[in-house]
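A short write-up of the structure that comes next.
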Amino acid sequence: MTALLEVQQLSRDFGGVRAVNQVDFDVRQGEILALIGPNGAGKSTVLNMVSGVIPPSAGEIRFDGKPMAKVPGHEYAGLGITRTFQNLQTFDDMTVLENVMVGMHTRTRSSLLACGMNLGSSRREEQEMRERAQIWLEHVGLAEEISSLAGSLPYGKLRLMEIARAMVAGPRLLLLDEPAAGLNHTETAEMSRMFQEIRANGTAILLVEHDMDMIMTIADRIVVLDQGAKIAEGTPREIQENPRVIAAYLGDDEE
Ligand SMILES: Nc1ncnc2c1ncn2[C@@H]1O[C@H](COP(=O)(O)OP(=O)(O)OP(=O)(O)O)[C@@H](O)[C@H]1O
């Protein structure tokens, strides 16, 4: 498999603190790569750099061979990279369908504000977006809730809505920041099944997650960070048996 995303010597400083230190990894086409590590290891910071939210202090990120350093954040969805956030980013007083259509607007380059105000898209474009959003809402099991206000949905369903929103733009790489946080066992299993389906349809996934059952079930490969640096990379089985990884987790109170 060829690399879709290449991360080389990636570093990020916050003031005097080096949050990410010379990290290398690839995400290959059609695979699920999990990025794990104890609290504060630098996982979200890596995801924020890969999704164009913050610039690296050093190093390089390439997507499909293209250096991403000069690509503005709003162009990522159009290039084929979308993401979800650790903290839900939903519009409570818009319907579930409208919330998902916002994901298409980022692709068609209308602004979020314009979307909220119903501006800037032709009727045909609007219809096409509606259909794609409906298809993805059915995929994630929210067909019944399409017309509900997002604010009325329970937390687990909002997480699913976020996945639909990230998928509606048709990404080649989906970035997920703790998608199972706050979900119960059944919801986590359902979400795992969905990610496997997304992978089967050809979208690669870079997954930051603390739920080890989910990671060990769905990840093709795992990269482990500790204190900003990569300490291991391998299959779920290799990672489970790696003494450095075990030591890093045993040293972390919250795991
Ligand atoms: N905006 C920021 N300003 C200053 N320091 C930051 C900022 N963002 C992250 N850090 C620091 O960078 C380090 C890595 O944080 P990061 O959130 O990337 O870790 P993480 O592995 O995602 O942790 P968690 O699993 O708890 O979410 C931490 O020491 C954190 O305090």
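Observations on the model:
- Residue, nearest to A219 (Cα to Cα), within the stretch 5-29, restricted to residues that are open to solvent by 50 Å² or more (accessible area, probe 1.4 Å) and within 14 Å of the ligand (Cβ to nearest atom): N21
- Residues of the stretch 65-78 that turn out to be among the charged types (D, E, K, R) and either within 15 Å of the ligand (Cβ to nearest atom) or farther than 20 Å from V168 by Cα (or both), as a count: 2
- One residue stands out among those in the stretch 30-61 that are among the polar types (S, T, N, Q) and more than 9 Å from the ligand (Cβ to nearest atom): the one that is farthest from the chain's Cα centre (by Cα), which is S57.
- Counted residues, the stretch 209-241 - those being open to solvent by less than 40 Å² (accessible area, probe 1.4 Å), in a loop (DSSP other than H, G, I, E, B) and within 21 Å of V20 (Cα to Cα): 2
Results for (1) in the same structural domain as M94 (by the TED database); (2) of a type in the set (A, V, I, L, M); (3) surrounded by 23 or more Cβ atoms within 10 Å (Cβ to Cβ), shown as yes or no for each residue.
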| site | (1), (2), (3) |
| --- | --- |
| G151 | yes, no, no |
| Y155 | yes, no, no |
| L158 | yes, yes, no |
| A166 | yes, yes, yes |
| E178 | no, no, no |
| G182 | no, no, no |
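- Test set (1) outside any helix (DSSP H, G or I); (2) open to solvent by 30 Å² or more (accessible area, probe 1.4 Å); (3) within 23 Å of H74 (Cα to Cα) - L206 fails condition number: (2)
- Test: residue in the stretch 79-89 that is small (G, A, S), within 15 Å of the ligand (Cβ to nearest atom) and assigned to a loop (DSSP other than H, G, I, E, B): no
- Residue, farthest from P243 (Cα to Cα), within the stretch 30-41, restricted to residues that are small (G, A, S) and open to solvent by 10 Å² or more (accessible area, probe 1.4 Å): G30
- Close pairs (8 angstrom Cβ cut-off, 6 or more residues apart or separate chains): within 18 Å of A180 (Cα to Cα) in the stretch 213-240, of a type in the set (V, I, T) and at pLDDT below 95 anywhere: D213/T188; M214/T188
The values are calculated or read from the model by the stated rules, or taken from the named source; none is laboratory data. In this text, all values refer to a predicted model and were calculated from it rather than measured experimentally. Cβ coordinates were reconstructed from backbone atoms using ideal geometry, including for glycine residues, and neighbour counts include every protein chain displayed. Remember, those area values only see protein heavy atoms, side chains included, never the ligands or the DNA or RNA. Shrake-Rupley method; radii C 1.70, N 1.55, O 1.52, S 1.80 Å.
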